[in-house]
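Okay, so here's the structure we're looking at.
The values are calculated or read from the model by the stated rules, or taken from the named source; none is laboratory data. Note that the coordinates shown come from a computational prediction; the quantities given were computed from them, not determined experimentally. Neighbour counts are summed over all protein chains in view; Cβ atoms, including those assigned to glycine, are modelled from backbone coordinates with ideal geometry. For the accessible areas, the whole protein counts, side chains as well, though only heavy atoms, and no ligand, DNA or RNA atoms are used. Shrake-Rupley method; radii C 1.70, N 1.55, O 1.52, S 1.80 Å.
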Amino acid sequence: MFRAAFQSVDLFWVILLYLVFLPETGCRSADADSCHEVKTAYMMRQIGLILGVHFLCLSDESLRVCVHPGPSCCTSKMEDSYVAAVRGETQQKMRSYSFELKYLIAGHIKAYQENFELLLSFTSNLTSTLFDSAYAALASDCRPFVFKLFSDIKRHLSGDSNSSLDSAVRRFYNDLFPLVYRRLLNPGIGHTSVHTYNSLSPSHDDCLRMTRQDVSPFGPHPRLLVSSLSRALGPGRALSRLLRLAGEVVNATEKVTLSRECVRGLVRMQYCSHCRGLTLIRPCTGLCINIMRGCLVGVSELGGPWGNLVVLLQRLAATLATSSNHNSMELALLAVRHHVNDAILHAQLHGPRITATVSKSDDVMEGMIYGLLYPVYTYNRLKYEMSFPLKGTRGDKSGNLKKLSREFEGSIQRYQWFFTELPEMLCESEMEVEQHTCWSGQDVVESYAGRVVGSTLKAQRENPELTVRNTDPILKSAKQRLEHLTQVNVCTQCSHSWLLSGEPCRGMILKCFSH
């Protein structure tokens, strides 16, 4: 019993002498609590199981990242936990920094779509009332055609790459022509002529649809409608497409995969000091910037094309915020009714020629039809112009759109250099300017001795902290999409001129998004 007690006392003195004469190259000090703070930090950050933490500085030759001479507070299992921790922490920081940008983009995508839908619903209903008030014989059958036309316009405004204004307008007038031909140009003829009656079959309607462009019953008005809508809706369509692209790019950065080299660098920067019993010291500024730039080189590579995208978003928002009567989206949609009416009136005025072309009637019949239809044309024209003066809506939908666009133009400007500056932003929480010493990744120093390299892939070849070979495939793909859709070589060169002079470069920029 006495021998056991003596051995216990002897072991106690051995441990005490070990702690007193512990080398400086190992843990922080000779204090018996050298690893207690490490254990506390490990628990508070919920990094891993506390069972794997040393209570005293001990040697562990299995360490792969935080390797240094002498004893350590870390084990290989702790290193594995630190690896998992830095992955999750870095990705969480990236999500937290991009949250506001992501919210801004998603919120404005929704807000713009709601504004567009309200405007389209109003103008669709207004166009349908044209047939109720001036062309009652067409009203019930034309309502689905109007609804389809504005549904196609909605798809176009939303940025649908498969939508086409030209196709939408062509389909609308193709469907309208058989009704106009049978009920306005040749009303009642089917009751007196067997030949004409037979020609009014569904197959004849299909024939009329197919020959509408050759017959040209509506004159230049379909083309004028396409031109008017393309000019006025172009900025809205481009804005919708680019906003959606911006959201996809932000999502891609949140899913970036951190390379093995990057993770090892992050562990050295954030946790290898813990293995020395140093839980409060901060990484050197240069160390953090080098490691973060190396880890996020793919994100930094997005900086240039992202900046161009933000410039275009600003210009497009400015166009919607300051649109004049010449390019107002609201007035262009209101004018759909005006264009449709003019097209029908044109068909009535040229009814004899149209009917002669379709039915190959003789000159006598042509004269008779002309005499019957000209008074109808005059009456409908007068009735239409009295009932529908072309001006803005009372619901102030245009005002809401302009206010939204002015707000977005100012908000998005703050994020022009977001991806270029993200590595430095992530380092802000790691830096401590008040400290006179910092962690170099290997030891405590007064200042970082390494060379701080740039954020480009080329500059990162010289990174002293980690080897950077290439960028994340997801981010590389996002960069290519940005460069493609913003047409860097055309649109950005012209955006400044557009800002200064308004119109000369506008067509070039919108051309980038017209298909």
- Message: Explain nothing, just compute: Karplus ³J(HN,Hα) = 6.51 cos²θ - 1.76 cosθ + 1.60, θ = phi - 60°, for every residue of region 114-129 in order, whole Hz, x for Gly and Pro.
- Response: 5, 5, 4, 5, 4, 5, 5, 4, 5, 6, 5, 5, 5, 5, 5, 5
- Tell me, what HN-Hα J-couplings in whole Hz come from the Karplus equation 6.51 cos²θ - 1.76 cosθ + 1.60 at θ = phi - 60° for each residue of region 138-144, using x for Gly and Pro? 9, 3, 5, 7, 8, 4, x
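Counting Lys +1, Arg +1, Asp -1, Glu -1, what net charge surrounds PRO473 among other residues with beta carbon under 14 Å of its beta carbon?
Values: positive: LYS255, ARG469, LYS476, LYS479, ARG481; negative: GLU301, ASP472.
Net of charged neighbours comes to +3.
With Cβ to Cβ distances under 10 Å as the rule, what net charge do the other residues near PRO222 carry (K, R +1; D, E -1)? Before the final figure, lay out the partial values.
Numbers: positive: ARG170, ARG212, ARG223; negative: ASP166.
Neighbourhood net charge equals +2.
Taking the Cα centre of region 215-264 as the origin, how large is its charge dipole in debye, to the nearest 20, when only Lys and Arg (+1) and Asp and Glu (-1) carry charge on their Cβ atoms? Intermediate values should be presented prior to the final figure.
Values: 8 positive and 3 negative charges, 14 e Å.
Its charge dipole is roughly 60 debye.
Please label the shape of region 195-325 as rounded, prolate or oblate, based on the square roots a ≥ b ≥ c of the eigenvalues of the alpha-carbon gyration tensor (a/c under 1.5 means rounded; beyond that, a/b larger than b/c means prolate, else oblate). If you can, show how the numbers build up before the last one.
On the way: a/c = 6.50, a/b = 3.20, b/c = 2.03.
Cα axes put region 195-325 in the prolate bin.
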- Item | Local net charge near LEU302, Cβ-Cβ under 11 Å (Lys/Arg +1, Asp/Glu -1) | 0
- Query: Hey, which of these cross-link pairs are over 23 Å Cα-Cα: LYS458/LYS479; LYS255/LYS402; LYS102/LYS476; LYS255/LYS479; LYS93/LYS403; LYS154/LYS476?
  - Reply: LYS255/LYS402; LYS93/LYS403; LYS154/LYS476
- Task: Show MET292, MET425 ordered by accessible area, largest first, where the area counts protein heavy atoms only and the probe is 1.4 Å.
- Result: MET425, MET292
- Message: How large is the accessible surface of GLU428 in square angstrom, using a 1.4 angstrom probe and rounding to the nearest 10?
- Response: 120 Å²
- Counting other Cβ atoms within 10 Å, keep those with at most 15, restrict to DSSP loop, and tell me which trypsin sites (Lys or Arg not before Pro) in region 442-483 are left. ARG451, LYS458, ARG469
- Message: If I model a spin label at ARG451 and GLN213 as a point 7 Å from the Cα along the Cα→Cβ vector, what separation in nanometres do I get?
- Response: 6.3 nm
